[in-house]
1. Subtract the Cα-Cα distance of Ala42 and Thr700 from 0.36 nm times their separation in residues, and report this length gain in nm to one decimal.
2. Given points 7 Å out from each Cα along the Cα-Cβ axis, report the Lys129 to Ser627 separation in nanometres with one decimal.
3. May I ask you to order 407-420, 634-647 by the average number of other C-beta atoms within 10 Å around their residues, highest value first?
4. Work out, step by step, the length gained on full extension between Val834 and Thr321: first 0.36 nm times the residue separation, then minus their alpha carbon distance; give nm to one decimal.
5. Apply 1/(1 + (r/R0)^6) to the Cβ-Cβ distance of Gln768 and Ile473, taking R0 = 41 Å, and write down the FRET efficiency to the nearest 0.05.
6. Given charges of +1 on the Cβ of Lys and Arg and -1 on the Cβ of Asp and Glu, with all other atoms neutral, how large is the dipole of the chain about its Cα centre, in debye to the nearest 20?
7. With the cut-off at 17 Å, report for the stretch 589-686 the share of all Cα pairs above it, as a whole percent.
8. Take the cross-link list Lys461/Lys497; Lys622/Lys774; Lys140/Lys246; Lys282/Lys374; Lys25/Lys669; Lys504/Lys736 and give me the ones stretching past 19 Å between alpha-carbons.
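Rule-based calculations on the coordinates, nothing more; no lab input. None of these values were measured; they are calculated from a predicted model. Using ideal geometry, Cβ is built from the backbone for each residue, glycine included, and neighbour counts are taken over all protein chains shown.
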Amino acid sequence: MVSALVLYSCSLTERVPEDKHLLEKNEFSVNGEPKNDDELKAQMYQLPNTNILGYNLRLHMYNLAKPNADSSYLAWLDRKPGRHEFMRSLLSEKQVMRLGNSFVVAGFSNFLKKTGEPPVLVDVARVKKSRNRLYAYYYKQGFFRTKATWKIDTLADKRAIVTYNIETGKPYIVDSIKPLIETPVLDTLYRSTKNLSVIKKGKQYNEADFTAERERITTLFRNRGAYTFQQNNINYTVDTVNTGYKANVDIVIDNESVRQGDSTFVRPFKLYKISKVNIYTKNPSAEDQTVDTVSYNGFNIYSTGKLNYRPKALTDAMFITPGSNYADYKRVLTSRYINNLRVFGYPGINFVVDTTDATGGSLISNITLNPRKKFRFNVTADFNHSNIQDFGVQGSLGLTIRNIFRGAETLEISTRGNIGSSRDLAIQDHAFFNILEYGADAKFTFPRIWFPFNTEKIIAKEMIPSTIMSFGIGRQKNIGLDKENFTGVLSYNWTPKRNRHTAKLDLFNIQYIRNVNAGAYFRVYKSSYDRLNEIAKSYPDLPLGYYDETGNLPVYAVFPFIDDVLENRTGVAISEADFEDVRRLEERRERLVENNLIFASNFTYTTTTRTDLNDNSFFVFKTKVESAGNTLSLLSGLLDENKGVPTGQKTIFDVNYAQYIKGELDFIKHWDLRRGKVLAMRAFFGLAVPYGNASSIPFTRSYFGGGSNDNRGWQSYSLGPGRSGGRNDFNEANLKIAYSAELRFNLFGKLNGAIFGDVGNIWNVFDQETDPDKTFNGFKSLQDLALGTGMGFRYDFNFFVVRLDVGFKTYNPGRPEGERWFKEYNFSNSVLNVGINYPF
């Protein structure tokens with residue numbers, strides 16, 4: 001072990017010159033105590049070479065490269081007499097020399113150099129700059145008498161540690177805060193919100209507070225009409241001379257400096273009002289390109305060609321209104337609302353001083369709308385492979401029609417199809433393309449709440465509401481039980497708070513599923529057939545009609561066998577355990593083959609702190625509540641088909657309808673560990689409880705475990721429920737608990753790596769399932785949580801990420817006690833997951 005560490009250490013410094021030292025690490029001592037804060041590391045001009053769990057991969061790659069591959073090539077040419085002449089006889093001298101820089105000779109070394117990372121050598125000049133940044137870092141926090149020193153400790157094998165010692169002294173505390181604002185109206189505005197100031201008496205001086213207060217004041221003034229006010233109009237004077245570690249702050253805001261021609265003069269800031277709002281658009285399809293002018297609710301609308309929009313549709317998007325005060329937030333809201341319409345490109349919003357106003361305190365707003373093309377066609381085609389089909393070709397054809405009713409509405413129509421090839425024994429069609437799936441969808445988007453009553457007092461237009469009405473039909477052939485489905489959704493969407501919160505209400509979410517080929521159940525769900533066959537074969541005294549020539553239970557005899565067992569007509573004493581298995585399997589079959597009618601409403605609320613795609617330190621919290629069947633329960637009692645029918649068996653048009661309540665909590669948190677490292681975690685809890693007309697949850701609304709976005713040690717639908725061991729082909733339940741964490745890091749270039757751990761399982765609870773291996777029975781059932789661990793690679797294409805994860809069953813609750821840990825921790829039992837983008 002010791003020799004291995006010595007060799008490893010030597011290999012790190014292989015490319016370090018004799019008079020230099022590899023930076024091993026930076027150490028910090030603040031007021032005599034060691035510190036290891038990320039903020040201190042962020043002040044460094046030099047950081048040690050990057051590592052992955054302590055291994056300097058990129059440094060090793062750099063060291064593997066030949067320092068001068070072209071020189072080695074020239075030496076190789078001259079090493080053997082006649083070699084250079086021989087090469088020249090085959091190639092020209094120019095080509096022989098060029099070969100030294102080719103990929104064959106130097107390409108791999110150049111790749112290692114570019115992808116790897118050169119050794120970080122201790123540089124005294126950079127150490128001094130780092131010391132100065134540490135001094136400035138503490139100075140900005142009110143430690144005005146900070147002292148910072150450094151020293152370099154050299155180690156064996158040309159390595160070194162740099163230690164920074166900081167003595168901060170006592171911090172300065174903000175004492176008096178005095179506003180010196182020359183413009184009276186701004187002074188009044190500031191004093192009315194003084195209690196909201198970020199700079200507070202008695203608080204330690206911090207430059208970040210002064211920056212935040214500058215932003216607060218600027219936002220306040222510009223949202224109250226001060227159109228010309230800028231952050232650089234705010235200055236601070238801080239007096240710390242002989243104050244006894246107190247900082248006396250003056251907030252200085254002078255009058256506006258205006259340049260006119262070659263002269264400059266000073267005047268008080270003005271609070272501007274909007275006198276006019278001009279909206280400019282065009283109608284590309286109009287043959288007559290004269291300007292069409294319309295006045296509506298005080299807005300002036302100009303269109304090149306005949307106006308192609310109802311005036312109200314345009315003015316509803318405007319938060320900048322005639323007669324209102326200028327406000328920055330209204331400009332932002334207007335831009336967001338217009339973008340949300342998806343009918344126009346990014347708008348141009350400009351303001352000019354209204355010269356007709358003698359006071360000079362009015363602005364004219366000119367808003368330019370650039371219409372997108374009315375029609376947009378979208379064609380896609382793809383090849384795919386899945387656990388259902390060996391090879392498939394899928395495609396879609398879509399048409400988007402914008403402004404379809406002249407109110408900025410959007411209609412999207414699409415058709416989709418898939419043909420595939422499968423060798424599944426359950427499919428009796430032996431043609432190459434024996435799988436077919438097709439469907440069509442239509443979606444209307446309205447830029448407002450589409451409802452019989454006015455909802456603006458509840459959902460104001462500042463929340464940028466929209467309504468989506470969608471319909472879809474689909475059909476499958478030789479996939480499962482050959483489902484036909486119809487969906488219809490009426491959904492409302494809005495943002496209760498700017499950017500960080502979204503709300504969605506599905507007033508109606510209707511789904512009807514019809515199983516066309518229910519008789520193929522035991523060919524599709526092989527695990528159910530295998531168990532029944534096993535039971536039948538365990539009773540050799542059964543009548544011969546139950547067996548085929550191979551001694552197995554033929555598929556056509558399964559249904560009579562089930563009926564005879566449950567009705568005790570086999571003529572053989574069936575054990576209680578086998579009887580219960582047959583009953584359970586038949587109940588599962590009945591549940592999965594029955595047609596489903598789901599009439600649900602749900603509400604989803606999401607909040608996030610993420611600012612943009614580059615933000616790696618944020619959280620997302622999502623909660624969802626769904627209720628199904630209550631409306632149909634009221635209607636079913638009025639139908640003749642339910643007269644005298646017991647509760648729990650009622651139908652709508654001869655279809656049992658689902659009735660349940662469902663709730664979900666989903667929390668995602670990311671921590672930025674700097675230098676390309678991110679720690680991400682996700683916690684999920686979901687519960688669906690059937691009641692009234694249902695004793696179980698529809699398959700499409702139940703939970704499953706495993707897969708590329710869940711517990712990656714198991715394939716989709718193969719985990720659980722509980723400790724049952726995934727006996728069925730598709731395992732599902734109505735309770736789910738899951739937690740995942742992964743450390744992401746950059747390997748080199750756009751290739752990233754990850755190590756992960758996934759914990760979770762599914763259980764049955766409050767439904768018809770009674771098997772203790774599958775049900776949740778209090779806290780003791782938490783020992784059934786499965787643990788999958790593994791590693792993965794991600795390649796970032798900028799607009800999407802391709803992900804490859806290998807998961808291992810680390811703790812498998814489906815195995816006997818004492819054999820659950822690491823018994824399947826090998827590649828033969830691993831699961832390869834391929835996905836697009838990150839799992840959470």
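1. Taking 0.36 nm per residue and subtracting the Cα distance, the gain is 232.0 nm.
2. 6.4 nm
3. In descending order of packing, they fall as 407-420, 634-647.
4. Numbers: separation 513, 0.36 × 513 = 184.68 nm, distance 5.13 nm.
Gain in length upon complete extension: 179.6 nm.
5. FRET efficiency, Gln768 to Ile473: 0.85.
6. With only Lys, Arg, Asp and Glu charged at Cβ, the dipole is about 3760 debye.
7. 66 percent
8. Table pairs above 19 Å Cα-Cα are Lys622/Lys774; Lys25/Lys669; Lys504/Lys736.
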